[in-house]
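See below for the structure under consideration.
The values are calculated or read from the model by the stated rules, or taken from the named source; none is laboratory data. Bear in mind the structure is a predicted one, so any value in this text is a computation, not a measurement. Positions of Cβ are backbone-derived with ideal geometry, glycine not excepted, and every protein chain shown enters the neighbour counts.
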Amino acid sequence: MMAKKGIPENIKVQVEEIVNRFNQEVIKNPNAFYITRYRGVYLYLSRQGISIAFQVCRLKYNGAINDWDFAIYKHSSDRYDPDEWFFPGSGFVNGTVEGALKAGLEAYP
């Protein structure tokens, strides 16, 4: 069982590589890109727009690079909701960081 101290540095390096590649190859816009933030076992994904950054989703690390729990950010209630699955892009959620990036891009184009 993984100690609940946080996300290991080697996993964070892999996450940054995945996010940077997604920003360059999928979004392809230097004025709009994903930003990562870490707190404990959570990875928060936000997207930087032309003038503001906004929350997209939160991932909970479960001990492997391809094993994350997903929670979409609901701007209407100003919170992350792990039980909300009726949103555009939910079909991309598959426990991976890339799946979360794709889902977030559909949910918040």
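Exactly one residue among VAL26, VAL15 is touching a residue at least 60 places away in the same chain (Cβ under 8 Å), more than 14 Å from the chain's Cα centre (by Cα) and surrounded by 12 or more Cβ atoms within 10 Å (Cβ to Cβ), and that residue is VAL26.
Within the range 33-44, being surrounded by fewer than 13 Cβ atoms within 10 Å (Cβ to Cβ) and either closer than 15 Å to LEU105 by Cα or in contact with a Phe, Trp or Tyr (Cβ under 8 Å, 6 or more places away or on another chain) (or both) holds for one residue alone: ARG37.
Residues of the range 67-96 that are among the aromatic types (Phe, Trp, Tyr), modelled with pLDDT under 95 and within 13 Å of TYR108 (Cβ to Cβ): PHE87 alone.
Screening the candidates TYR73, TYR61 for the property of being farther than 24 Å from GLU9 by Cβ, assigned to a strand (DSSP E or B) and not β-branched (Val, Ile, Thr) yields one hit, TYR73. Number of residues in the range 12-52 that are within 21 Å of ASN66 (Cβ to Cβ) and touching a strand residue (DSSP E or B) at 6+ places or on another chain (Cβ under 7 Å) equals 14. Restricting attention to the range 50-63, the residues that are surrounded by 16 or more Cβ atoms within 10 Å (Cβ to Cβ) and β-branched (Val, Ile, Thr) total 1.
Looking at ARG47, ARG21, just one residue is among the charged types (D, E, K, R), assigned to a helix (DSSP H, G or I) and surrounded by 12 or more Cβ atoms within 10 Å (Cβ to Cβ), and that residue is ARG21.
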